[in-house]
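The values are calculated or read from the model by the stated rules, or taken from the named source; none is laboratory data. Remember, it's a predicted structure, so these values are computed and weren't measured experimentally. Virtual Cβ from ideal backbone geometry, glycine too; neighbours counted across all protein chains shown. Note: areas computed on protein heavy atoms with side chains; ligands, DNA, RNA excluded. Shrake-Rupley method; radii C 1.70, N 1.55, O 1.52, S 1.80 Å.
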Amino acid sequence: RLALPADTPLMIGMSVDVNIVIRVSEAALLIPGQALRGDTVFTVEDGTARRQTIQPGIQGITHVEVRSGLPETAQIITPFPETLEDGARVTVRGE
C-alpha cells in the first residue's frame, strides 16, 4: 500500500505515477536510453561507426546505466541508428 500526504491535491478520478527506487548506483556511467537497442550501442572510433555490446544496468526514464562493455570516453551515437552498418564512415556533429 502507498499513502500520500493528506494535503496532496488529488481528487477522485485523477491518476498518479509512482517511482519506487530499488537500487542506487553511485558514480554510474550513463548513456541516453534512446542510444540503446537491447544490449547494443553504436560508438564512433576514428570516424567509423562501431557496434558494441554492453551490459546494461538500471534503466531510468531517460538514461541507462552501463555496467560493462563501454569505456567512459566512448562517443555514443544517439538516437540508435537503425540503418547504420558497423564500419560505416561517420562525422561527429556534436557531443
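For this structure, a couple of remarks:
- Among the trypsin sites (Lys or Arg not before Pro) in the chain, those located in a DSSP loop and surrounded by at most 14 other Cβ atoms within 10 Å of their own Cβ are Arg1, Arg23, Arg93.
- Difference of contour (0.36 nm per residue) and Cα-Cα distance, Val24 to Thr62: 12.1 nm
- When Ile22, Ile54 are compared by accessible area at a 1.4 angstrom probe, the order from most to least is Ile22, Ile54.
- Shown for the chain: the carbon plus sulfur share of the solvent-accessible area, taken with all protein chains present and a 1.4 angstrom probe, equals 50%.
- Among Val18, Val66, Val90, the order of accessible area from largest down is Val18, Val90, Val66, computed with a 1.4 Å probe on protein heavy atoms.
- Once all protein chains are placed together, Glu82 keeps about 120 Å² accessible to a 1.4 angstrom probe.
- Taking 0.36 nm per residue of separation and subtracting the current Cα-Cα distance, fully stretching the chain between Ala88 and Leu2 would add 25.9 nm.
- Backbone phi angles across the stretch 24-30, fed through the Karplus curve with coefficients 6.51, -1.76 and 1.60 (θ = phi - 60°), yield HN-Hα couplings of 10, 10, 7, 6, 6, 7, 10 Hz in residue order; Gly and Pro are listed as x.
- Accessible area in square angstrom per residue, the chain, 1.4 angstrom probe: 80
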